[in-house]
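The values are calculated or read from the model by the stated rules, or taken from the named source; none is laboratory data. These numbers come from a predicted model, not from an experiment. All Cβ positions, even for glycine, are placed from backbone atoms using ideal geometry, and neighbour counts span all protein chains on display.
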Amino acid sequence: MDVHSCYKPVAKIWLQLQFERVGEIRLIVDGTKIGFGHQLLMISLAYRNRAVPIAWSWVKHIRGHSSAQQQVSWLRYVETVLPKKAPVVLVGNSEFGSILVLRQLDRWRWVYVLRQKSNTGLWISEKTDCQTLGSFAHQTGHSAWFQNAYLTQQEIDQVSVLVYWQIGEKEPWCLATNLPDQALTLRYYRRRMWIEEMFGDFKKHGFELEKTMLRQTPRLSRLTLAVAFLYVWLLSTGSRTIRAGLRHIVDRKDRPDLSLFQIGWRFIDRKLLHSIPCSVLLCVRPRNCLVTRKISIKDFDLQHACTSSQILIIMHSPVMCFCLDSTL
């Protein structure tokens, strides 16, 4: 099974909707460790303090790092599903900040803010000596901005660099970017934290993906496909619940504090508990959605689907069923 082909229609709809709404595509790339020497690498779409899965890959390695060549190949696939002529902004951590990746993003004319390791070399100009990025930040709250500087000590590439020590962080952010100023760089990079919320939903705060006993990459990828379908369903339901003014049904009235994911989860759970059919819609606008089938408690028990052995997702064009159990 080609998981990206199965998921591609959903990814394209979310990308198109964001382009129509904000005029650009805001992507986040990061990875998370799952277990058994595997790391899940994810490219996602920034959405309301969360991230919507767009494409993923599993890396089997003790430290779980992917090569720059793998990353470029992976990003090239994402480039093929983007809306035509859509401006793209990509933010990510230091694993994805190699010179090879930066140069490819420049060729595509993507805007990027990618973190660098603090020991990365920097030339402020051709006449100065190379210094490490970490040497420019001496205390929390301090920042340094270098426009048209040069990375790195091994490979030379001209970028702008922001070194910023956020209060509360253990070390400074060292950011390579092609943006024109410091404020915009920080504004975009802060969205990178949204993917951490998504990983939390995938893992201990939601689907408990880290408890899987699967070890083969194809099986892990199929598992991720089913979880991604379920995740966008819950986010879509959470968004529509808020827009319909029904948030108070599952969240506190005096101090709303549930995430979009939890609102969707609890709203669907509540409807199924009361035997009320609910639509399976994989985007925030029903007219764009691929799935409009209504399900009820007779179809499957969502309350147990996420924490036991099975998740069932039904798509009508074509009909596909994904059962996650020991035979995945």
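Assorted remarks:
- Top-ranked residue in region 128-183 [being in a loop (DSSP other than H, G, I, E, B), at pLDDT 90 or above and not acidic (Asp, Glu); ranked as nearest to residue 105 (Cα to Cα)]: 178
- Test: residue in region 83-98 that is at pLDDT 90 or above, closer than 21 Å to residue 225 by Cβ and either aliphatic (A, V, I, L, M) or in the same structural domain as residue 237 (by TED's automatic domain parsing) (or both): no
- For beta carbons closer than 7 Å, sequence separation of 6+ or different chains, a first residue in region 230-249 that is among the basic types (Lys, Arg) and a second that is surrounded by fewer than 24 Cβ atoms within 10 Å (Cβ to Cβ), the qualifying pairs are 240/284; 247/241; 247/256.
- Annotation: of all residues in region 181-204 being within 20 Å of residue 234 (Cα to Cα) and among the acidic types (Asp, Glu), the one that is surrounded by the fewest Cβ atoms within 10 Å (Cβ to Cβ) is 196.
- Evaluating residue 241 against the criteria (1) at pLDDT 50 or above; (2) in a loop (DSSP other than H, G, I, E, B); (3) of a type in the set (Val, Ile, Thr) leaves one unmet condition, (2).
- The residues of region 67-115 that are buried (at least 19 other Cβ atoms within 10 Å of the Cβ) and in contact with a His (Cβ under 8 Å, 6 or more places away or on another chain) amount to a single one, 95.
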